[in-house]
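Step one of this worksheet: look at the structure below.
The values are calculated or read from the model by the stated rules, or taken from the named source; none is laboratory data. Values in this document were obtained by computation on a predicted structure and should not be read as measured data. Cβ placement follows ideal geometry from the backbone for every residue including glycine, while neighbour counts extend to all protein chains displayed.
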Amino acid sequence: MPFRDTWKLTPAEEEGIRDEVEAVAIKRVLAWQLSQEMKRQRETKLNMARELHSSRSQLDRLLDPNNIAVSLETMTRAAHALGKSLVIRIDDRPQGTPKSRTANELAQGKRRPKIENAS
């Protein structure tokens, strides 16, 4: 039997993966925009870290396109340090795209059935 047929995701798992991929994509764009603006302004990482009252390693995490654990406050401060602003908006999802489930709904979908003792 081919591997593809033996490995199937539940709808909850698919939705969780979709949300994670979308978050990484958004972070990649933001990290790219910050790094491009730093290049345009000839701003070094060391000077940028100083302006943010942060370390260079923290700035590296901010600019890491795969690190989605960055707060909006940090992204806003970085944009302001470059004379820019961070703009976030909520749009309609493309037609036919299912609504995301909450963390509780995802957790409930992954629960295993309770096995009762037969004795």
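Residue-wise test of (1) assigned to a helix (DSSP H, G or I); (2) at pLDDT below 95; (3) within 19 Å of the chain's Cα centre (by Cα); (4) exposed (fewer than 15 other Cβ atoms within 10 Å of the Cβ).
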site	(1), (2), (3), (4)
Ile17	yes, yes, yes, yes
Val21	yes, yes, yes, yes
Ala25	yes, yes, yes, yes
Ser35	yes, no, yes, no
Met38	yes, no, no, no
Glu43	no, no, no, no
Gln58	yes, yes, yes, yes
Asn66	no, yes, yes, yes
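None of Val87, Val70 is at pLDDT below 95 and surrounded by 10 or more Cβ atoms within 10 Å (Cβ to Cβ) except Val70.
This table checks each residue for (1) over 16 Å from Lys84 (Cα atoms); (2) not aliphatic (A, V, I, L, M).
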| site | (1), (2) |
| --- | --- |
| Leu34 | no, no |
| Glu51 | no, yes |
| Ser71 | yes, yes |
| Thr74 | no, yes |
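Number of residues in region 73-92 that are of a type in the set (S, T, N, Q) and free of Cβ contacts under 8 Å to residues at least 12 places away in the same chain equals 2.
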